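Single-structure report; data block below.
All of the numbers you see were taken from the coordinates with simple rules; none came from a lab. This is a predicted model, so every value here is computed, not measured. Glycine gets a Cβ as well: all are built from the backbone with ideal geometry, and neighbour counts include every protein chain shown.
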2 protein chains.
Amino acid sequence: MKAYLGTVSGNSYKLRILLGLLKVPHEVVIIDLKNREHKGAAFLKINPRGEVPAIEDNGQVIWDSAACLVYIARKYGGEQWLPTDAAGLAEVMQWIALAATEIQCGLQYARRGVLQGRWTLGSLEDGQNFGKVALDVCEAQLGKHEWLALDRPTIAEPACFAYIETAPEAKVALEPYPNILKWMERCRKLPGWAAR
Amino acid sequence: MKAYLGTVSGNSYKLRILLGLLKVPHEVVIIDLKNREHKGAAFLKINPRGEVPAIEDNGQVIWDSAACLVYIARKYGGEQWLPTDAAGLAEVMQWIALAATEIQCGLQYARRGVLQGRWTLGSLEDGQNFGKVALDVCEAQLGKHEWLALDRPTIAEPACFAYIETAPEAKVALEPYPNILKWMERCRKLPGWAAR
């Protein structure tokens, strides 16, 4: 399996976490985000959306971080990291969705604006407010459960972790979310969990 | 199964489409979005994120439109609408992700701004530009394939259809996307496909 990743990309980090947890042999191809390689003709043939990460396995290309997590979990993790029964799969999917919407378009785009001056969707305050919806939902869940879904680690963890960890770079402090902070420590202790 | 829906909600419409395609018996509970019932204490107990749709089945609550689609497809649609093998599930997931990010936070939030004056994430132009990334990716895919994933209708169709159909309300014309227009016609002809 070939993994197309960016060195500062949180969406790429999600894959590095799962690949580490499941000890999946893979080759890394670094895409030079700084020089906009992800928007160049060669990479757009791999991912027409123009974003890292993407993976290539047995001739099939999968783009989007959640889709890549799903592929890796189903191929290498059995039912543990992503079950296939209706209730289990849907419960994990709730958090994948939160990661794709409020966390990505809120926390991550606010962070990217601060770090790179690129404001894709609105102001810092817009992004912070949108992202805080996700933090509130996660904080409440993690007050009642140790993990986001199914009372065990699943791909919901890497999906949500990456851009929650970097919330302070979007000028959103995590101290008001003690349950999230404790969950992050539990995540980091999982065998094979990659550092950022 | 109980489905909590809003009458003008495109995310609710996604569920109505799949429930119709699969002929799933269900009870509809209308949440009064105009009077912000989705942000009230009673509904927040069902969905802490404060959004429709949600479903309740056998005592389990699932929130988020994609998670609800996943639940319904797995419970009532066998492998047809959402397969469980790594490659198939991941391919569908790519389009679910596009629906949750560029289509939701681009096309839908731009539309909501125009219709309701609520600008969650940036300006009309921000939302249009972000949404057009998804339209370009869909247009290219639908130039090569009749359906978004797996060369057959899957839950990728309702997931992406709802807020692509309403793109003109976000002042994004669909005429420059002839493959998308033809795909929308194919979708509407599927037996049981609900009108908006």
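Some notes on this structure:
- Sequence-ordered 3J(HN,Hα) estimates for region A:168-184 from the Karplus curve with 6.51, -1.76 and 1.60 and θ = phi - 60° stand at x, 6, 9, 6, 10, 6, 9, 4, x, 10, x, 5, 5, 4, 5, 4, 4 Hz, glycine and proline given as x.
- Proxy reagent accessibility, fewest Cβ within 10 Å first, across A:111, B:186, B:112: B:186, B:112, A:111
- DSSP beta bridges in the protein assembly as shown [antiparallel fraction, %, rounded to 5]: 65 percent
- The simple spin-label model puts a point 7 Å past each Cα toward its Cβ; for residue B:145 and residue A:145 those points are separated by 3.0 nm.
- For residue A:125, label point 7 Å along C-beta direction: distances to other copies, nm: 2.1
- Amide H contacts under 5 Å for residue A:150, placed H, 5+ residues apart: none
- Ranked list, fewest to most other Cβ atoms within 10 Å of each Cβ, for A:145, A:38: A:145, A:38
- Partner shielding of A:128-141 amounts to 2, given as the average count of beta-carbon atoms from other chains within 10 Å of each residue beta-carbon.
- Taken residue by residue and averaged, Cβ atoms of other chains lying within 10 Å of the Cβ of B:68-80 number 4.
- Label-point separation in nm, residue A:26 to residue A:123, each point 7 Å along Cα→Cβ: 3.9 nm
- Long-range HN-HN contacts of residue A:123 with modeled amide H, under 5 Å: B:122
- Net charge dipole size for the protein assembly as shown [Lys, Arg +1 and Asp, Glu -1 on Cβ; Debye, nearest 20]: 220 debye
- By DSSP, the beta bridges lying fully in chain B are antiparallel in about 65 percent of cases.
- When each of B:76, A:163 is scored by the number of other beta-carbon atoms lying within 10 Å, the sequence from fewest to most is B:76, A:163.
- Cα-Cα pairs of region B:42-179 separated by more than 26 Å (percent): 29 percent
- Share, in percent, of DSSP beta bridges within region A:2-76 that are antiparallel, nearest 5: 65 percent
- If you bin all the Cα-Cα distances of the protein assembly as shown at 20 Å, starting from zero, the percentages per bin are 30, 64, 7.
- For region A:15-25, Karplus couplings with θ = phi - 60° (6.51, -1.76, 1.60), whole Hz, Gly/Pro x: 5, 4, 4, 5, 4, x, 4, 9, 6, 8, x
- Orphan Cys of the protein assembly as shown, criterion: no other Cys C-beta under 4.7 Å: A:68, A:138, A:160, A:187, B:68, B:138, B:160, B:187
- Close amide H partners of residue B:29, meaning residues 5 or more places away or on another chain with modelled amide H under 5 Å apart, are B:3, B:4, B:5.
- Derived scalar couplings between HN and Hα for region A:143-154 equal x, 10, 9, 6, 10, 5, 10, 6, 6, 7, x, 9 Hz in order, rounded to whole Hz, by the Karplus curve 6.51 cos²θ - 1.76 cosθ + 1.60 (θ = phi - 60°), x for Gly and Pro.
- Take each residue of peptide B:29-38, count the partner chain Cβ atoms within 10 Å of its Cβ, and average: the result is 0.
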